[in-house]
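Below: one structure, written as structure tokens.
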Amino acid sequence: MISGDEQAFRALYREHAGPLYRLALRFLAGDAASAEDAVQEAWARAVRGLAGFERRASLRSWLSSIVVRCCMERIRWERRGGEALVDEGPSRFRAGSAETRVDLERAFASLPGGYRSVLVLHDIEGYTHEAIAAMLDISPGTSKSQLSRARATLRRSLGVDYVTE
């Protein structure tokens, strides 16, 4: 028999697991295995820290911030010499033709980590600069400048004049 707590957790998991996985997948440039690991670690941390959840933000925002921290830790670990965690392989983006998707995936994966992080959180996930600043432990101004630079870098990489907000 399943306890009420376990039923509640399963319901939360069903509601949030997909969006959290997609966030991690984008954050980690399409590396599915690393995204799965990051989300699994985030759920473990969320379960341990649920008593400390103060409801200042939505549950989705709180869970997303944990996923972002797990992804950032994986990226930092890789930079310090751990095995490659960010794969240059295909991501889940969909846009136009197959050729366009490949170009977009390569351009996105080649963005510096900070640019990619802010671009994912703002343009894809819809977070405000203030929320991004809190998640990434940066100032809102840094979030804005990194977003601007990320968009400019994508425009140059793709050879286009405009990338939508």
Next item on the list: Starting from the range 19-37, take each residue that is free of Cβ contacts under 8 Å to residues at least 60 places away in the same chain and list its partners that are in a helix (DSSP H, G or I) and of a type in the set (Val, Ile, Thr), counting only C-beta distances under 8 angstrom and pairs at least six apart or across chains.
Entry: Leu20/Val39; Leu20/Val67; Tyr21/Val39; Ala24/Val39; Ala24/Val67; Leu28/Ile75
Next item on the list: Could you tell me whether any residue of the range 6-29 is assigned to a loop (DSSP other than H, G, I, E, B) and either modelled with pLDDT of 90 or more or under 27 Å from Thr153 (Cα atoms) (or both)?
Entry: yes
Checklist line | Selection count, the range 63-103, where residues are crowded, with 19+ Cβ neighbours inside 10 Å and modelled with pLDDT under 80 | finding: 4
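Filter the range 1-48 down to residues that are aliphatic (A, V, I, L, M) and touching a Gly at 6+ places or on another chain (Cβ under 9 Å) and give me whichever is surrounded by the fewest Cβ atoms within 10 Å (Cβ to Cβ).
Filtering the range 1-48 for residues aliphatic (A, V, I, L, M) gives 1-2, 8, 11-12, 17, 20, 23-25, 28-29, 32-33, 35, 38-39, 42, 44, 46-47.
Add one more test, that the residue is touching a Gly at 6+ places or on another chain (Cβ under 9 Å), and what stays is 29, 32.
On the way: Ala29: 25, Ala32: 16.
So, considering only residues that are aliphatic (A, V, I, L, M) and touching a Gly at 6+ places or on another chain (Cβ under 9 Å), the one surrounded by the fewest Cβ atoms within 10 Å (Cβ to Cβ) is Ala32.
What number of residues within the range 61-77 satisfy the criterion of being closer than 14 Å to Ala24 by Cβ and either free of Cβ contacts under 8 Å to residues at least 60 places away in the same chain or touching a Phe, Trp or Tyr at 6+ places or on another chain (Cβ under 7 Å) (or both)? Outline the logic, then answer.
To start, the set of residues in the range 61-77 that are closer than 14 Å to Ala24 by Cβ comprises 63-75.
Applying the additional criterion that residues be either free of Cβ contacts under 8 Å to residues at least 60 places away in the same chain or touching a Phe, Trp or Tyr at 6+ places or on another chain (Cβ under 7 Å) (or both) yields 63, 66-68, 70-71, 73-75.
Final tally of qualifying residues: 9.
Being touching a Leu at 6+ places or on another chain (Cβ under 8 Å) and among the charged types (D, E, K, R) narrows it down to one of Arg22, Arg26, Arg74, so name that one.
Working: Arg22 fails: touching a Leu at 6+ places or on another chain (Cβ under 8 Å); Arg26 fails: touching a Leu at 6+ places or on another chain (Cβ under 8 Å).
Going through Arg22, Arg26, Arg74 in turn, the sole match is Arg74.
The values are calculated or read from the model by the stated rules, or taken from the named source; none is laboratory data. All figures in this text were calculated on a predicted structure; none of them were measured in a lab. Ideal geometry is used to build each Cβ from the backbone, glycine not excepted, and the neighbour counts take in all protein chains shown.
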